[in-house]
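Only one structure is covered here, and it is reproduced in the block below.
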Amino acid sequence: MKSISRCGIVDFEHTRCYLLPKMEPTSTTQDNSPQDDRVLVTVDDAYALARIVGRGSYKVSKSLKEFAASVIDSGHPVFVLDLKYCVGMDSTFMGVLAGISQRQQKELGKKIILCSVSDKLINLMKTLGLNQLVDIQEELPDQAPQDLSELDRGNETPLDSAHTMLEAHEKLVEIDDDNQLRFQDVLDYLREDIKRQS
């Protein structure tokens, strides 16, 4: 079963929301880049860095949210997201980014930094109002660490996924009133799905 909203397609079979148009790999994506969505991370004295490889999607949203929470809880002043190898983002991922950036601003007084962001990704973020919550920079700082490790996704249940997606889309509605219309069908479905699984 599929429902088409003003800005996206919701695939109810897999409980996912993708924004249109479908993103194609950017020119900065290497030919031998893995196809799976992954997050590579590292933390040093100067930076907490997360690099998205593949799509910024619901598959990696929960683990990224947990990593960011640990960074913010530790009081680390600079959180950088490297999007050089990111070929697309779904609405769940962008809602999680919105929540991370809002919490970082509230608790540490700084926006998260997004580096090497393609024009297509910037346009996606503008569509949902996310661009106002982040600091977009052309390139990764020279001092940023390069020795990254893959972030473990852990064991995420369907109920965990539904909660993550619901919270993400509620956050998108919070940052831009227009997103209420865009994602009302998504919100209704996810709330019903959580009730069924609880």
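Read the figures in this text as sums done on the coordinates, not as results from a lab. The model shown is predicted, which means the values in this text are computed figures rather than measured ones. Neighbour counts are summed over all protein chains in view; Cβ atoms, including those assigned to glycine, are modelled from backbone coordinates with ideal geometry.
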| Between residue 148 and residue 170, 0.36 nm times their residue separation minus their Cα-Cα distance comes to what? | 4.8 nm
| request: Can you tell me the relative contact order of the stretch 23-153? Whole percent, Cα pairs under 8 Å, sequence separation 6 or more. | output: 30 percent
| field | Stretch gain in nm, segment residue 43-residue 188, where the contour uses 0.36 nm per residue and the Cα spacing is subtracted | value | 48.4 nm
| query | Suppose R0 equals 25 Å; then what is the FRET efficiency for residue 178 and residue 70 from their Cβ-Cβ distance, rounded to the nearest 0.05? | reply | 0.20
| note | Note, residue 143: beta-carbon cut-off 11 Å, +1 each Lys/Arg, -1 each Asp/Glu, net -3
| field | Gain on full stretching of the segment that runs from residue 126 to residue 196 - 0.36 nm per residue minus C-alpha separation | value | 21.8 nm
| request: Evaluate E = 1/(1 + (r/R0)^6) for residue 156 and residue 119, where r is the Cβ-Cβ distance and R0 equals 41 Å; express this FRET efficiency to the nearest 0.05. | output: 0.85
| What does the charge add up to near residue 104, with Lys and Arg as +1, Asp and Glu as -1, over the other residues with Cβ less than 14 Å from its Cβ? | +3
| said: Give me, ordered by chain and number, the residues 5 or more places off residue 112 or on other chains with an amide H under 5 Å from its own placed amide H. | reply: 135
| message | Percent of Cα-Cα pairs more than 18 Å apart in the stretch 69-120, please. | response | 34 percent
| query | Just how many % of Cα pairs in the stretch 23-153 lie over 26 Å apart, if you round to the nearest whole percent? | reply | 11 percent
